[in-house]
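Scroll down for the structure; my scribbles are underneath it.
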Amino acid sequence: MRIVDGFLVYDLPGSNVLDMDQINNIVLHTHNTWQADRPIEEIRKNTLQGKMAEYVVENHLRNNSGYRYESYDSIRIDDYKKHAPFDGIIYSSTLSNEILQRAKNAINNDVANSAGDTGLITVNTRKNLENSGIYMMEIKSSLLRFPRDYKTMTHKKKLERTNEDYRQLCGHIKSFYDYFVYPHYCRNNRNIGSFYDYVSYYSQDHPRESSLKEYLSQLIETEFNNACTIYTRVFIDVLSNEIIVPGYVMKGRFYEEPRIKKMPSDKSINAIYYMYHMRYGKSFLEIDKDKELGAYDGTAALDALFAKKNQICTNCGEYLDLIDLKKYEKFLYHCKKCNKWYSMKETYPRNME
């Protein structure tokens, strides 16, 4: 393992450490989502990539932290008949087997009772898992792109790279990429390119009958309640056969300052995601010291979400009104006393646009 400014760099695991029978089962039962025409060889390649990412995260946590990771595929009992609802669970190594098994039973029961061919986890089960110290986790994996992602490096070949080369590469990843999660109500829509667009889409089937603040608060709470607790994203370094692990974020980050965009990729041109800047993530090196995770408080996380908190005018200190400017397709904050307007970026400067 190489450590670069909090990032982890591991050699790409070989197929000999992966469960190829399990991977073949996943490939044969995978349902395409936003990309409807993936051939089976591409599905196999994507599955292998995802399982290598899981292997690295699982082994890093087991060997370097007090947390453990188990993939959903290792605990499922549905013979791969339903599309997996998440990647895995993470929990303290001191958690009792009784609590862990109860959680696994609840997960499998939810999947068994899901309609259609996709496994679904109920909000009640998600909350019970979190209250038990068991957190559902999504591990997204991406290929670094040549030459775009390597431009700041002096030496690109693995044997020629210096520590500075790795710092340049990891710095680019930190500044260029995002963590991401699918919205709850829609994953694929060519007309959605912003959080405002997504709310407009949502309003077609859910007309507003309350104040805008209450309406958006309810939407965001639903998104939050149906999300996994932890999200990470790893990168396959195609020039060195290494996996780079920047870190992770708790789910609340996506919904405190909601930013929805599309990926800059031809394959996923219509797929939409909540995104959160990678530079604000947490390193896996510090996971044992993460108080937000170690003493997870779902109620406190909920209270911090977008539209639940009152925003204050920086000029006079009065509470701001959240306004829908349909003419400009924007949400803005307004101070009645000062007649001062605030953009989302001014009010939520870390992640919104």
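Only the coordinates and a few stated rules stand behind these numbers; no lab work does. Since the model is a prediction, treat every value here as computed from it, not as a measurement. Note that we place each Cβ from the backbone using ideal geometry, even for glycine, and neighbour counts take in every protein chain shown.
Please compute the length gained on full extension between LYS45 and THR125, using 0.36 nm multiplied by the number of residues separating them and subtracting their Cα-Cα distance.
Length difference between fully extended and current span is 25.6 nm.
Applying 1/(1 + (r/R0)^6) with R0 = 35 Å to the Cβ-Cβ distance of ASN310 and SER132, what FRET efficiency is obtained, to the nearest 0.05?
In this case the efficiency is close to 0.60.
Which entries in the list LYS127/LYS308; LYS158/LYS282; LYS308/LYS345; LYS157/LYS345; LYS251/LYS345; LYS151/LYS291 go over 28 Å, if you measure between the two C-alpha atoms of each?
LYS157/LYS345; LYS151/LYS291
At 0.36 nm per residue, and after removing the present C-alpha to C-alpha distance, how many nm does the segment from GLU286 to GLN204 gain when stretched out fully?
25.2 nm
In whole Å, what three semi-axes, largest first, describe the equivalent ellipsoid of the chain built from its Cα gyration tensor (square root of 5 times each eigenvalue)?
Three semi-axes, in Å: 34, 26, 21.
Helix-only estimate, please: 222 nm mean residue ellipticity of the chain, summing -39500 (n - 2.57) across DSSP H runs of length 4 or more and dividing by its residues, to the nearest 500.
That comes out to -10000 deg cm²/dmol.
Averaging sequence separations of C-alpha pairs under 8 Å and six or more residues apart, then dividing by the length of region 311-353, give the relative contact order as a whole percent.
26 percent
Work out how far the C-alpha atoms of region 311-353 reach from end to end along every principal axis, then list the three figures in whole Å, largest first.
For region 311-353, the Cα extents along the three principal axes come out at 26, 25, 11 Å.
Report, to the nearest 10°, how far helix 163-176 tilts away from the longest principal axis of the Cα atoms in the chain, using its own Cα long axis and a range of 0 to 90°.
40 degrees
Please provide three numbers in whole Å: the alpha-carbon extents of region 95-207 along the principal axes, with the largest listed first.
That works out to 53, 46, 25 Å along the principal axes.
Determine the principal axes of the Cα atoms in region 1-159, then give the extent along each, sorted from largest to smallest and rounded to whole angstroms.
Dimensions of region 1-159 along the principal axes of its Cα atoms: 53, 41, 28 Å.
Straight-line reach from LYS326: which lysines have Cα under 16 Å away, leaving out those fewer than 8 places along the same chain?
LYS213
Any chance you could give the angle, 0 to 90 degrees and rounded to 10, that helix 195-205 forms with the longest Cα principal axis of the chain?
Between helix and principal axis, roughly 80 degrees.
Roughly how big is the chain's charge dipole about its Cα centre, with Cβ charges of +1 (Lys, Arg) and -1 (Asp, Glu), in debye to the nearest 20?
The calculated dipole for the chain is roughly 960 debye.
Identify, among TYR342, LEU169, PHE254, the residue whose Cα sits farthest towards the positive end of the charge dipole of the chain, taking +1 on the Cβ of Lys and Arg and -1 on the Cβ of Asp and Glu, with the dipole about the Cα centre.
Of the listed residues, the answer is TYR342.
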